[in-house]
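Here the structure comes first, spelled out in structure tokens, and everything after it is commentary.
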Amino acid sequence: MAQFIQEKRACGYRYNVGAWSLCRLDAHLCRQGLQQVELLRSVTSSWLAKQPHETGKTQRDRINLVRHFALFMRRLGLPADVPDQAVGAKESKSFLARVLTHEEVRRLLEAADRIEPMASTHLRHIVLPELLRVLYGCGLRLEEALSLRMRDVDLLQGVLHINDTKFRKDRLVPPARPLVARLQKYTAALGPRSDDEYFFPSPRGGRLDGGGVYCNFRDLLHRCGIGHGGRGEGPRLHDLRHTFAVHTLLRWYREGADLQARMPVLATYLGHASIDGAQDYLQMTAELYPEIVSRSDAAFSDVIPRRPWRSS
């Protein structure tokens, strides 16, 4: 297993989640009394079975992990049964992002601006409104925003330095000038801080907890009357990223821009591994705003692919 993890990381993957799952598999194999370096179906089948509390995707991820590890063992000449992907639970439905309207974004940010100061969370009324604006205004992933340190934010040049992202890429993200001006006032309100401190600090000065941010987000949705569909239905914090992309494409369309030429720009800004993700956003924009297709179907029919939506 250590060799397998080393190979994955040598190929550029972080593989932290995979390493954690392999530790769980190792513990299972020990409980099964495995005595030889082999991976047989008789000892993995119970570990691969779907648990009552988990989704089909979680089980399929586990099966995929064991498949790759078994193929690695075979390359080393070791006995290993490769599980069939078909044994996993079928996916019940594809997730559809919840894109907020411009009016809903306005209400959400206004609700954030009305947060009252509290002794237990004395920075929340300062930090949360600007964090939400960066998520929506720059299309960042939550992890990217929470990982920002003071040295990563250049408010003189107006650039965010996003480091070591989902696809192991660094990128520069220039916010709109009004957002840069707000962030300048935000940093002044927090006072002097060192380059190593987090740009969006927790009340104790460390890194904000994503779960806590999501709880505050749900509370704000309730306050401004935006319904939540329940677990897995959204709006999620990540949907602010989807909303940014759709609103950007809609603005470009209304400005008369060549959307096909703009796809690489959007993909680069969002840190996508390829242009496919940006094309998914174009499809979603067309579905939410049929005027795009009805007015210029001939021009954009080859740009708007008919494919299932996937989160990115």
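The values are calculated or read from the model by the stated rules, or taken from the named source; none is laboratory data. Everything quoted here is computed from the prediction, not taken from an experiment. Methodologically, a virtual Cβ is constructed for each residue, glycine included, from the backbone with ideal geometry; neighbour enumeration extends over all protein chains shown. Side chains are part of the model used for accessible areas, which takes the heavy atoms of the whole protein and leaves out ligands, DNA and RNA. Shrake-Rupley method; radii C 1.70, N 1.55, O 1.52, S 1.80 Å.
Tabulated data
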{"item": "In sequence order, calculated HN-Hα J values of the stretch 140-145 (Karplus, 6.51, -1.76, 1.60; Hz; x Gly/Pro)", "result": "6, 6, 4, 4, 5, 5"}
{"item": "Share of carbon and sulfur in the accessible heavy-atom surface of the stretch 201-250 [1.4 Å probe, %]", "result": "49"}
{"item": "Choice from Arg193, Arg207, Arg124 showing the highest fluctuation, given a GNM over the chain with Cα pairs closer than 10 Å", "result": "Arg193"}
{"item": "The chain: C-alpha gyration tensor shape, a/c 1.5 cut-off, then a/b vs b/c", "result": "prolate"}
{"item": "Amide H partners (placed H, <5 Å) of Ser202, local residues excluded", "result": "Arg207, Leu208"}
{"item": "Helix 16-31 axis, angle to the chain major axis (alpha carbon atoms, nearest 10°)", "result": "30"}
{"item": "The chain, dipole about Cα centre (Lys/Arg Cβ +1, Asp/Glu Cβ -1), debye to the nearest 20", "result": "460"}
{"item": "Average accessible area per residue (Å²) across the chain - probe 1.4 Å, nucleic acids and ligands excluded", "result": "54"}
{"item": "Under the Karplus curve 6.51 cos²θ - 1.76 cosθ + 1.60, θ = phi - 60°, whole-Hz ³J(HN,Hα) for the stretch 105-117, x wherever Gly or Pro sits", "result": "4, 4, 5, 4, 5, 5, 5, 5, 5, 8, 4, 7, x"}
{"item": "Amide H contacts of Leu39 (H built 1.01 Å from N, under 5 Å, at least 5 apart or other chain)", "result": "Ala80, Asp81"}
{"item": "Farthest toward positive dipole pole in the chain [+1 Lys/Arg, -1 Asp/Glu at C-beta], among Phe244, Tyr281, Gln36", "result": "Gln36"}
{"item": "Accessible area of the stretch 1-135 belonging to carbon and sulfur atoms, whole % at 1.4 Å probe", "result": "54"}
{"item": "Student exercise, the stretch 110-184 dipole from Lys, Arg, Asp, Glu Cβ charges, in Debye to nearest 20", "result": "200"}
{"item": "Of Val213, Val127, Leu183, farthest towards positive along the dipole that unit charges on Lys, Arg, Asp, Glu beta carbons give the chain", "result": "Val213"}
{"item": "Acute angle (nearest 10 degrees) that the helix 56-75 long axis makes with the longest principal axis of the chain, alpha-carbon atoms", "result": "50"}
{"item": "Packing-based ranking, highest mean first, of 49-56, 139-146, 5-12, 258-265 given that Cβ atoms within 10 Å are counted", "result": "139-146, 258-265, 5-12, 49-56"}
{"item": "Helix axis angle, 276-288 relative to the chain longest principal axis, alpha carbon, degrees", "result": "60"}
{"item": "Sequence-distant residues sharing a close amide H with Arg149 (under 5 Å, placed H)", "result": "Phe199"}
{"item": "Candidates Arg67, Arg236, Arg107, ranked by Gaussian network fluctuation over the chain, Cα under 10 Å, top entry", "result": "Arg67"}
{"item": "Cα centroid separation, the stretch 104-181 to the stretch 199-259 (Å)", "result": "11"}
{"item": "Fluctuation leader among Gln184, Gln283, Gln35 - the chain, Gaussian network, Cα springs under 10 angstrom", "result": "Gln35"}
